[in-house]
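The values are calculated or read from the model by the stated rules, or taken from the named source; none is laboratory data. Note that the structure is predicted; figures quoted are calculated from it, not measured. Neighbour counts are summed over all protein chains in view; Cβ atoms, including those assigned to glycine, are modelled from backbone coordinates with ideal geometry.
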Amino acid sequence: DQSNLAYSVGMTLDRFIKFKQQDFPFASGELSQLLRDIALAAKIVNRETNRAGLANIGGAFGQTNVQGEEQQKLDVIANIRFMRALSKGGEVCAIVSEEEDSVIDLQNSSGKYVVAIDPLDGSSNIDVNISIGTIFSIYRRKTPVGSPIQEIDIMQPGNQQVAAGYVLYGSSTMLVYTTGCGVNGFTYENSLGEFFLSHPEMKAPKDGMIYSINEGLQLEWEPEIFSYIQSCKERKLQSRYIGSLVADFHRNLLKGGVYLYPSTLKNPSGKLRLLYEANALAMIIEQAGGKATDGNQRILDIQPHSLHQRTPLIIGSEKMVNEVISMKTNSSLTS
Ligand code: P6P
């Protein structure tokens, strides 16, 4: 099939980026370089993740991050690695990271791009050897290159992304990304130190048999979420929830399904972060023919107001997301 062909003809990420740059006649190669910088950091974090159990770096680091969560050593390492790769690469002027209280201004007078990143999402799964992931969004700065970074450069809605992607450190490590011309998946070949095109032109099935939600929070769900999950059970759909967003998202993208993290009593705006989790996955799923909403509006249209703001997230196969939305419409009509 195509993936074996791609592997056999050695379509590496590097070759693919170069090949795809032809889609952008005016491209100057800076975004291509930025994507390579991200892939390099992913290779390094992949190695650290695989060694976590042995090198005793999987345990809690004892410090807490801006989210007040116990910071795992790998979180710290991943954040450092991606920060270093992005600053050394020379294409980035500012970074928003889950692990940093405020915007990191790289003082780079020639950097055109702003990156929002969750260096290692789902890090509570590290110690139990469950897949974890990196999620990233890439924006062009709005103010002139070389001028001071301003809020308008950072608080951009997801519909302004020039690229978005994730790395899944799982049974194999994959890099999946889009630059607005479809979604492509690359699998890492450890022995060669290369990502190979394994999932060309990924498409989200329009419908699916899988729903992913933390059922433990059922008593806190809004009525339309409760109704939708009830309907899933009546239709004997499969419940699959790993507790690692990238892993749940990736499975649902490949097989068809919907992931929901609605508002709860503890997190009235949901738990997931808009800038460096929801926006990237929303761009990917739309490019693959799926949908992403906060229950009221398209994720990509949400105007951010703060770095670490949360959003409810309903994301996956188009038909399934539409069913959740229609539940909400019905419940608001009948209430
Ligand atoms: P809960 C991991 O902490 C994470 O950010 C996502 O990766 C995951 O989908 C979600 O939170 C799990 O949250 O409340 O169900 O444990």
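Numbers at a glance
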quantity	calculated
Any hit, segment 176-197, residues being assigned to a strand (DSSP E or B), within 16 Å of the ligand (Cβ to nearest atom) and more than 15 Å from the chain's Cα centre (by Cα)	no
Top-ranked residue in segment 231-255 [being among the aliphatic types (A, V, I, L, M) and within 13 Å of the ligand (Cβ to nearest atom); ranked as surrounded by the most Cβ atoms within 10 Å (Cβ to Cβ)]	V246
Condition check for E30: closer than 28 Å to S306 by Cα and modelled with pLDDT of 85 or more	yes
Selection count where residues are more than 16 Å from the ligand (Cβ to nearest atom) and either part of a loop (DSSP other than H, G, I, E, B) or touching a Lys or Arg at 6+ places or on another chain (Cβ under 7 Å) (or both), scope segment 256-306	12
Residues of segment 79-103 satisfying the condition of being of a type in the set (V, I, T) and surrounded by fewer than 20 Cβ atoms within 10 Å (Cβ to Cβ)	I80, V103
Residue, farthest from K73 (Cα to Cα), within segment 121-149, restricted to residues that are more than 10 Å from the ligand (Cβ to nearest atom) and assigned to a strand (DSSP E or B)	R140
Every residue from segment 274-324 that is more than 24 Å from D207 (Cβ to Cβ) and crowded, with 24+ Cβ neighbours inside 10 Å	L274, L275, Y276, E277, N279, T311
Filtered residue count, segment 297-335, keeping only those that are polar (S, T, N, Q) and either under 16 Å from S137 (Cβ atoms) or modelled with pLDDT of 95 or more (or both)	7
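Here's the yes/no breakdown for (1) modelled with pLDDT of 70 or more; (2) among the aliphatic types (A, V, I, L, M); (3) within 26 Å of E189 (Cα to Cα):
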| residue | (1), (2), (3) |
| --- | --- |
| I17 | yes, yes, yes |
| Q21 | yes, no, yes |
| P25 | no, no, no |
| G62 | no, no, no |
| E70 | no, no, no |
| K73 | yes, no, yes |
